[in-house]
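What follows is a short report on a single structure.
Rule-based calculations on the coordinates, nothing more; no lab input. Small disclaimer: the values here were computed from a predicted structure and weren't measured. Glycine gets a Cβ as well: all are built from the backbone with ideal geometry, and neighbour counts include every protein chain shown.
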């Protein structure tokens, strides 16, 4: 049994919130470079250049990449041999988000659904905890913007819809989203499970580094087929026309009920932010 | 690609008549910020036949809710927010003399009709380029609704704010035309 003080968790979450919002991953920057090589629209190339320059300024000056610094989404992998002391895990994480968004001068974007009154400190964060083997804690902070989240959907296909049904729904979703989710996007797809699980699969798929292969060859093939169809739509960077509507399609899949065929599409803008640490 | 066109508000009919979809524009001078909650309040004022907190004639509204400025910084990160949520409000403001809007994403038919009728344009700024756009803001002050935090109405002085014309006064839409041009069947 290893003891970990929750104060350390607060501190790490604080730092991850600030880092995720200012330091865009190298995998995303490389994806911009690849897209620039393939983009046919001159305006599209200009926009991709702007996005690279924006990421450079944000990193150098430690300012947010985007003004929508998002809902704080946390993925926690808690080793079963860890004994947390000094307080409650959930509260320690919420405090870390509170401090990170205040000290990092990040925008507070969380409000009451009816009155729209801002909670003032970007809490509550959404926390997904999984208990795993070992005596470590892995924490990932993935701030998610509202514009792209609004374009995301869950649907219950029927088993007879098959793989073609998946393709049709995902491509249609991207088409209807048009310029709203800040293309070039990353399209997270969850298949299987049930209503809440499929949405989580779609969100988790976004954590995979851009440019990496899906470990399942069948899904890898499906990802590339859907991406090709999406990039034939012509929406392009910022929806102003062009080849690069999405940088990648990521799929996570699990078994589902014999009566069901759940599908989720979680659209992620080009500011694909996430940072992780292991204690 | 053509050189960008330079604009300085307040804009006249003549200024917007020469703009066409796809034109790159650099805006310098004064613009105003406003998004969901601020728009709702402006429309409530109009309904109550009250004055707006600033003279809207010839002005440009930027749909943005910035991050708080860091110490020593003039303005926080400030990319555009998605514009369709302002569609219910924009036609009344255009009728009152608003000449330009900056945001991202497609507008409704009602907004496009108002832009044609009263001669106003819609610009896109690069969504997500918040750090880059913030550097073009030289001065910022709150003019109304401080209680709304990031949604307060601010008067900005900008220099070379880069935008692209998406809807012109002739009824053209770059989102539709651009997609058509690059679509592969």
(request) Take the alpha-carbon centre of region A:174-248, take the same for region A:96-114, and report the distance between them in whole Å. (result) 28 Å
(request) Could you list the residues of region B:101-126 with an amide nitrogen less than 19 Å from a label point located 7 Å from the Cα of residue A:49 in the Cα-to-C-beta direction? (result) B:124-126
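Assuming R0 = 60 Å, can you tell me the calculated FRET efficiency for the pair residue B:57 and residue A:220, based on Cβ-Cβ distance, to the nearest 0.05? Can you show the working numbers first?
Working: r = 57 Å, r/R0 = 0.95.
Efficiency at R0 = 60 Å is approximately 0.60.
Working out 0.36 nm times the residue gap between residue A:131 and residue A:26, then minus their Cα-Cα distance, what length gain in nm do you get to one decimal? Could the numbers behind the result be given before it?
On the way: separation 105, 0.36 × 105 = 37.80 nm, distance 2.92 nm.
Full-extension gain reported as 34.9 nm.
Determine the calculated [θ] at 222 nm for chain A from helices alone, applying -39500 (n - 2.57) to every DSSP H run no shorter than 4 residues and normalising by the residue count; nearest 500 deg cm²/dmol. Walk me through the numbers before you get to the answer.
Numbers: 8 runs with 111 residues, N = 279.
Computed mean residue ellipticity for chain A: -13000 deg cm²/dmol.
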(message) With only alpha-carbon atoms in the gyration tensor, what are the semi-axes of the equivalent ellipsoid for region B:1-144, in Å, largest first?
(response) 22, 20, 14
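Compute the FRET efficiency between residue B:184 and residue A:38 as 1/(1 + (r/R0)^6), taking r as their Cβ-Cβ distance and R0 = 22 Å, and round to the nearest 0.05.
Numbers: r = 13 Å, r/R0 = 0.59.
The calculated FRET efficiency here is 0.95.
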(message) For residue B:14, project a label point 7 Å along Cα to C-beta. Then give me every residue of region B:45-63 with its amide nitrogen under 20 Å of that point.
(response) B:57-60
(request) Compute the distance in nm between two label points, each set 7 Å from the Cα along the Cα-to-Cβ direction, one at residue B:142 and one at residue A:7. (result) 3.5 nm
(request) Using the number of other C-beta atoms within 10 angstrom as an exposure proxy, rank A:179, B:77, B:108 with the fewest first. (result) B:108, A:179, B:77
(request) Return A:121, A:216 ranked ascending by Cβ neighbour count within 10 Å, so the fewest neighbours appear first. (result) A:216, A:121
(request) Please identify which residues in region A:66-92 have an amide N closer than 11 Å to a label point set 7 Å out from the Cα of residue A:138, following the Cα→Cβ vector. (result) A:76-79
(request) Could you check the simple spin-label distance between residue A:112 and residue A:56, using points 7 Å along Cα→Cβ, in nm with one decimal? (result) 4.6 nm
(request) Return the whole-Å distance between the Cα centroid of region B:106-125 and the Cα centroid of region A:65-94. (result) 44 Å
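Give the dimensionless ratio obtained when the Cα radius of gyration of region A:147-276 is divided by 2.2 N^0.38 Å. Show your work: numbers first, answer last.
Details: Rg = 13.6 Å, N = 130, 2.2 N^0.38 = 14.0 Å.
This ratio for region A:147-276 stands at 0.97.
Would you order A:19, B:14 from fewest to most other beta-carbon atoms within 10 Å of each residue's own beta-carbon? The partial results should precede the final answer.
Values: A:19 19, B:14 8.
Result, fewest neighbours first: B:14, A:19.
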(request) Two decimals is fine: what is log10 I(q)/I(0) at q = 0.13, 0.21 Å⁻¹ for region A:31-190, from a Debye sum with one equal scatterer on every Cα and no solvent? (result) -0.91, -1.32
(request) Round to a whole angstrom and tell me the spacing of the C-alpha centers of region B:126-185 and region A:118-154. (result) 28 Å
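How large is the convex hull of the C-alpha atoms of region B:1-50 per residue, in Å³? Present the calculation step by step, with values, prior to reporting the outcome.
Working: hull volume 6.4 nm³, N = 50.
Cα-based convex hull of region B:1-50, divided per residue, equals 128 Å³.
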(message) Averaging the inverse of every distinct alpha carbon separation and then flipping it gives the Kirkwood radius. What is it for chain A, in angstrom units?
(response) 19.6 Å
